[in-house]
Amino acid sequence: MYWLACQLIKDQIIDFTKGNMSMYKGLIQLPETKYLGFGIMMPWENNLEIQFNLWQKAMVSEKMKMLKKLCGSEQAIGIFCYRCDVETHTFSYHIACENKRNAVSTEFEELKIYAGTYARFENECQDLSNRFECYNDLCDEIWGRWLPNSEYVSLIELETLGCVEGYALLEIYYPDNPTNIPYQLEMLLPVRTQA
């Protein structure tokens, strides 16, 4: 019995070194998915305000309603770093909907996210004044604690690898409006095992 209790404690300690288990929710497999959306290129540093301003404008625009209707989807997501430019230190941020109707549009950009393994993380924001902190806590969990202590590498590493178009961090807000509170943020990070 003592051995079992020690083993359980040891397993918990090992788990905690891999990150905050309340934010890390496991690995999932996602199929290749096509999206339509709109976005901007933004700097690697100090970009959260730009991201949230894009959401704020999108939620009140006719463009968002048109996008959802065209795609046949009620859920809009953030697509972080679908493409990047290492020389200018910029990356793309899109607001997009799954293109369930295979619609073709000249007004929206088509984005294809590859099938693969994604690490799933969640955090909750109760107060808009803390939304940057909620977002940064999740990023700190992913890049500061979980990745360095896991057997996985991110498929989007701006400083070292750049990014491969077709892989991106997916941000899913519940409800799909991060300008209202409370909301839950789910991040899906494309990963592969270390070589």
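What about PHE80, is it open to solvent by less than 10 Å² (accessible area, probe 1.4 Å) and under 15 Å from the mean Cα position of the chain (by Cα)?
So PHE80 does not fit the description; no.
Just for the range 136-170: of the residues that are among the acidic types (Asp, Glu), under 26 Å from GLN56 (Cβ atoms) and touching a residue at least 12 places away in the same chain (Cβ under 8 Å), which one is least open to solvent (accessible area, probe 1.4 Å)?
Taking the candidates together, the pick is GLU141.
What tally of residues in the range 171-194 results from selecting those that are outside any loop (DSSP other than H, G, I, E, B), open to solvent by 30 Å² or more (accessible area, probe 1.4 Å) and within 15 Å of TYR135 (Cβ to Cβ)?
2
Are there any pairs with C-beta distances below 9 angstrom linking a residue in the range 175-195 that is in contact (Cβ under 8 Å) with a residue 24 or more places away in the chain to a residue that is of a type in the set (Ser, Thr, Tyr) and assigned to a loop (DSSP other than H, G, I, E, B), with the two at least 6 apart or on different chains, and if so which?
Close Cβ pairs (under 9 Å, with a partner that is of a type in the set (Ser, Thr, Tyr) and assigned to a loop (DSSP other than H, G, I, E, B)) amount to PRO190/TYR114; PRO190/TYR167; VAL191/SER150; GLN194/SER150.
Tell me whether the range 144-167 contains one or more residues that are within 27 Å of GLU74 (Cβ to Cβ), out of contact with any helix residue (DSSP H, G or I) (no Cβ under 8 Å at 6 or more places or on another chain) and modelled with pLDDT of 95 or more.
Taking every residue of the range 144-167 in turn, none turns out to be within 27 Å of GLU74 (Cβ to Cβ), out of contact with any helix residue (DSSP H, G or I) (no Cβ under 8 Å at 6 or more places or on another chain) and modelled with pLDDT of 95 or more.
Can you list the helices (runs of 4 or more DSSP H) found entirely within the range 1-73 that contain at least 3 residues being among the charged types (D, E, K, R) and at pLDDT below 95?
2-17, 62-71
What number of residues within the range 90-102 satisfy the criterion of being crowded, with 17+ Cβ neighbours inside 10 Å and either part of a loop (DSSP other than H, G, I, E, B) or among the aliphatic types (A, V, I, L, M) (or both)?
Total satisfying the criteria: 3.
Just for the range 110-133: of the residues that are part of a strand (DSSP E or B) and open to solvent by 60 Å² or more (accessible area, probe 1.4 Å), which one is nearest to GLN29 (Cα to Cα)?
ARG120
The values are calculated or read from the model by the stated rules, or taken from the named source; none is laboratory data. This is a predicted model, so every value here is computed, not measured. Note that we place each Cβ from the backbone using ideal geometry, even for glycine, and neighbour counts take in every protein chain shown. Only protein heavy atoms, including side chains, enter the accessible area calculation; ligands, DNA and RNA are left aside. Shrake-Rupley method; radii C 1.70, N 1.55, O 1.52, S 1.80 Å.
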